[in-house]
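Just below is one structure, and these are the notes that go with it.
Any read-out appearing in this document is the output of simple, stated calculations on the displayed coordinates, not a laboratory observation. Keep in mind it's a predicted model, so treat the numbers as computed, not measured. Note: ideal-geometry Cβ built from the backbone for every residue, glycine included; neighbour counts use all protein chains shown.
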Amino acid sequence: MTNGSRIYDQSEIRHYLNFEKKRREQQQKQFEEQQSGHWRISKDLNDRFQKALYSKTLQVQSRVKMLEELGDHRKWMRLDKPSL
């Protein structure tokens, strides 16, 4: 040690640089796997939501049609009733 600082030899520096390189690569790989997992979950939720919306749309259309038919039926019933 000179003036409170340590002198590193080349092998220690290489070892540290290799270690840091591997650590960064591992972190990058974990990040990419995490993002991939998030994307799959997001896509799955979106697909389910779209299917639910489609299903609800069909239900609403069916009920609107039913109400329209009931409305037509009631209109004809009123015409057939004798007036007092």
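A few remarks follow.
- Of the trypsin sites (Lys or Arg not before Pro) found in the stretch 1-65, those that fall in a DSSP loop while having at most 11 other beta-carbon atoms within 10 Å are Arg6.
- Chymotrypsin sites (Phe, Trp or Tyr not before Pro) within the stretch 1-57, DSSP loop, no more than 15 other Cβ atoms inside 10 Å: Tyr8
- Whichever aspartates and glutamates have a C-alpha closer than 15 Å to that of Lys56, once near sequence neighbours (fewer than 8 apart) are set aside: Asp47
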